Amino acid sequence: MKYLIFFIFIILSLSLNAQSTIPAGFIKSFNQLKLDQKYQIKEYIKPSSLHADFNGDGNTDVAVPVIEKRTHKKGILLINGRTNQYFVFGAGTKFGNGSDNFSWAAGWTLYKSKFAYESRFNRDGDILGSKKVKLNRPAFFIHDLEDGEPNSGGIIYWNGKKYVWIQWGE
């Protein structure tokens, strides 16, 4: 019995540690900015957060999946590590081809490549090809899945002035 209790304690400790990847500083800023009144941090996609210097200021920024409490629309909230300035993508705020609800998203990853290929479309919505876009800093790629593989989505990237959506796939 003693071993069973010890085993359960270890499993619970490991699972709690595995889920606590959102930095305490982010949670503090989230609450101080009163974002907790409008948004709920919700791990509807994994991982629970992405960390990088997304805007190139030399400080680590943190992005987390959120749900707007009033509408239940899904999105991403990013807080700048130096200034606590925040940005909302989806979650009731229209952004790029992702719209105002990222309920279509099945995953996201940190995107560190120096280039992205933006899908180009004609007026009818048919893909014409792609355009090579140079990236000077990390971004994140949010996507849906088809047969277990990323199918389409967008790369959210700071272009030096603002965050932009780079369409990837259909």
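FYI, it's all coordinate maths here, none of it is from the lab. Please read all numbers here as calculations on a predicted model, not as lab measurements. Note that we place each Cβ from the backbone using ideal geometry, even for glycine, and neighbour counts take in every protein chain shown.
With a sphere of radius 13 Å drawn around the Cβ of residue 132, what net charge do the other residues whose Cβ falls strictly inside it have (Lys, Arg +1; Asp, Glu -1)?
Its environment carries a net charge of +3.
Quick check: residue separation of residue 36 and residue 114 times 0.36 nm, minus the Cα distance between them. What number comes out in nm?
Contour length minus Cα-Cα distance gives 24.6 nm.
Once the Cα atoms of helix 2-19 and of the chain are each reduced to a long axis, what angle between those two axes, in degrees from 0 to 90 to the nearest 10, is obtained?
30 degrees
Beyond 16 Å, how much of the Cα-Cα pair distribution for the stretch 106-152 remains, as a whole percent?
54 percent
In debye, nearest 20: dipole of the stretch 23-168 around its Cα centre with unit charges on the Cβ of K, R (+) and D, E (-)?
Rounded to the nearest 20 debye, it is 560 debye.
Under a cut-off of 12 Å between alpha-carbon atoms, report the aspartates and glutamates in cross-link reach of residue 42, not counting same-chain residues fewer than 8 places apart.
68
Residue by residue through the stretch 116-125, what is 3J(HN,Hα) from phi via Karplus (6.51 cos²θ - 1.76 cosθ + 1.60, θ = phi - 60°)? Round to whole Hz and write x for glycine and proline.
With the stated coefficients, the stretch 116-125 comes to 10, 10, 7, 5, 10, 10, 8, 4, 7, x Hz.
In square nanometres, what is one fourth of the surface area of the convex hull spanned by the alpha carbons of the stretch 23-168?
Average of the hull's projected areas for the stretch 23-168 equals 9.0 nm².
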